[in-house]
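Comments concern the structure below.
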Amino acid sequence: MIVVIGSINMDLIGNMERLPAPGETVSGSDFTTAPGGKGANQGLAARRAGAAVRMVGATGTDTFAEDALALLEEAGTDLKGVRVFEGATGIALILVDPDGENVIAVIPGANFKVTPEDAGDAVAAMHPGDTLLLQLEIPEPSNRAALEAAREKGVTSILNIAPLTEAVDRLSPLADIVIANETEFARLSGRPVETLDEVRKALEAEHAETGQCLIVTLGRDGVLYARDGEIGHVPSLKIKPVDTVGAGDTFCGYLAEGLDSGLEFAAAVRRAAVAGALACLKPGAQPSIPMAAEVETRIEDR
């Protein structure tokens, strides 16, 4: 069982001829909406990967709430842990350029009403050996309560330190596994990571200091990880990205499912890396998350 405690958003997506500079107005070509939120994205990815998933979070009472949960519900996710609060559902405003790069602004809405009690109760209902998946789009005290409860319960905790906040330094030591992109890892490690070699050296140093399992996603450069004193690298699929929104969340959900189902660690990372790359081939965070059969086919083709 995987429990995801995290954000549930509605994504408002604009496709632009290029991303605007501060103070600049740039014309767009298309506008779409899609369910999102890092928590919900990762929960759906884990569910599509094959896991039993319970989602814990919050929505508002606005017109976005139902749509924000639609794909999770369609996939058979347990939504009993999703509370409803008067007011707005979380919103993400996303601009995407022709190369698939993006800028995102998030307005948390109901996500910031997830309490430490919600988190503690969710972990209390888990069993030793279950997997807890967290991000940083709910209040820090709620994530802290979940991580501390998971350690006491014998639950494996995975923390994706995104979006980058000041809580990173305080929360990351409490997790069993930390997942970051290179920007987030630079903040966590305090070391330069402008090249693949620099990321590797920083990862080796950070792992030597903490002993913690660390994973750094690097887009076209694949994934680096440190675990039990060893450093591993998984190259990325060769693709032409359409939209990179949700790729990291897809990686996290697939990794959680792989580890929860007993897959060997390196194999779980490889599978998650393939899933994350495939998520770049379609627009939107949740609509782009591949099904397990698509991922397995690409793994066999490699």
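Just a few scattered comments:
- Of all residues in segment 188-218, those satisfying the criterion of being of a type in the set (D, E, K, R) and either part of a strand (DSSP E or B) or in contact (Cβ under 8 Å) with a residue 24 or more places away in the chain (or both) are Arg200, Glu204.
Residues are listed down the side, and each one gets a yes or a no for (1) part of a helix (DSSP H, G or I); (2) crowded, with 17+ Cβ neighbours inside 10 Å; (3) of a type outside the set (Ser, Thr, Tyr):
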{"position": "Gly57", "(1), (2), (3)": "no, yes, yes"}
{"position": "Ala65", "(1), (2), (3)": "yes, yes, yes"}
{"position": "Leu69", "(1), (2), (3)": "yes, yes, yes"}
{"position": "Leu72", "(1), (2), (3)": "yes, yes, yes"}
{"position": "Gly76", "(1), (2), (3)": "no, no, yes"}
{"position": "Leu79", "(1), (2), (3)": "no, yes, yes"}
{"position": "Val82", "(1), (2), (3)": "no, yes, yes"}
{"position": "Ala88", "(1), (2), (3)": "no, yes, yes"}
{"position": "Leu95", "(1), (2), (3)": "no, yes, yes"}
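- Meets criteria (more than 20 Å from Leu134 (Cα to Cα), in contact with a helix residue (DSSP H, G or I) (Cβ under 9 Å, 6 or more places away or on another chain) and assigned to a loop (DSSP other than H, G, I, E, B)) for Thr61: yes
- Odd one out for Glu296 among (1) of a type outside the set (Val, Ile, Thr); (2) within 19 Å of Ile158 (Cβ to Cβ); (3) at pLDDT below 95: (2)
- Options Lys153, Lys201; residue that is basic (Lys, Arg) and closer than 26 Å to Ala40 by Cα: Lys153
- Among residues of segment 259-272 that are in contact (Cβ under 8 Å) with a residue 60 or more places away in the chain, those with a Cβ under 6 angstrom from a residue that is assigned to a helix (DSSP H, G or I) and surrounded by fewer than 22 Cβ atoms within 10 Å (Cβ to Cβ), sequence gap 6+ or separate chain, pair up as Leu259/Ala268.
- Restricting segment 168-192 to residues that are at pLDDT 95 or above and among the small types (Gly, Ala, Ser), the residue that is surrounded by the fewest Cβ atoms within 10 Å (Cβ to Cβ): Ser172
- Every pair of residues 6+ apart whose Cβ atoms lie under 9 Å, when the first sits in segment 224-237 and is in contact (Cβ under 8 Å) with a residue 60 or more places away in the chain while the second is acidic (Asp, Glu) and part of a loop (DSSP other than H, G, I, E, B): none
- Scanning segment 164-176 for residues that are over 20 Å from Ala272 (Cβ atoms) and either touching a strand residue (DSSP E or B) at 6+ places or on another chain (Cβ under 7 Å) or of a type outside the set (Gly, Ala, Ser) (or both) turns up Leu164, Thr165, Glu166, Val168, Asp169, Arg170, Leu171, Pro173, Leu174.
- Some residue of segment 200-218 being under 21 Å from the mean Cα position of the chain (by Cα), surrounded by fewer than 24 Cβ atoms within 10 Å (Cβ to Cβ) and among the β-branched types (Val, Ile, Thr): no
- Residues located in segment 272-302, provided they are touching a Leu at 6+ places or on another chain (Cβ under 7 Å), outside any helix (DSSP H, G or I) and crowded, with 24+ Cβ neighbours inside 10 Å: Gln286, Ile289
- Reported count of residues in segment 132-159, each being over 14 Å from the mean Cα position of the chain (by Cα), within 16 Å of Met1 (Cα to Cα) and outside any helix (DSSP H, G or I), is 3.
- Cβ pairs under 8 Å, 6+ apart, first in segment 19-39 and farther than 30 Å from Val56 by Cα and modelled with pLDDT under 90, second charged (D, E, K, R) and in a loop (DSSP other than H, G, I, E, B): Ser27/Glu17; Ser29/Glu17
- Selected residue (criterion: farthest from Cys252 (Cα to Cα)) from residues of segment 160-179 that are hydrophobic (A, V, I, L, M, F, W, C), part of a strand (DSSP E or B) and in contact with a helix residue (DSSP H, G or I) (Cβ under 6 Å, 6 or more places away or on another chain): Val178
- Taken over segment 126-160, the criterion of being among the aliphatic types (A, V, I, L, M), under 17 Å from Ala51 (Cβ atoms) and surrounded by 23 or more Cβ atoms within 10 Å (Cβ to Cβ) is satisfied by Leu132, Leu133, Leu134, Ala150, Ile158.
- Top-ranked residue in segment 1-47 [being more than 14 Å from the chain's Cα centre (by Cα) and of a type in the set (D, E, K, R); ranked as surrounded by the fewest Cβ atoms within 10 Å (Cβ to Cβ)]: Glu24
The values are calculated or read from the model by the stated rules, or taken from the named source; none is laboratory data. From a predicted model like this one, the values you see are computed outputs, not experimental measurements. Every residue, glycine as well, gets a Cβ built from its backbone with ideal geometry; the counts of neighbours run over all protein chains shown.
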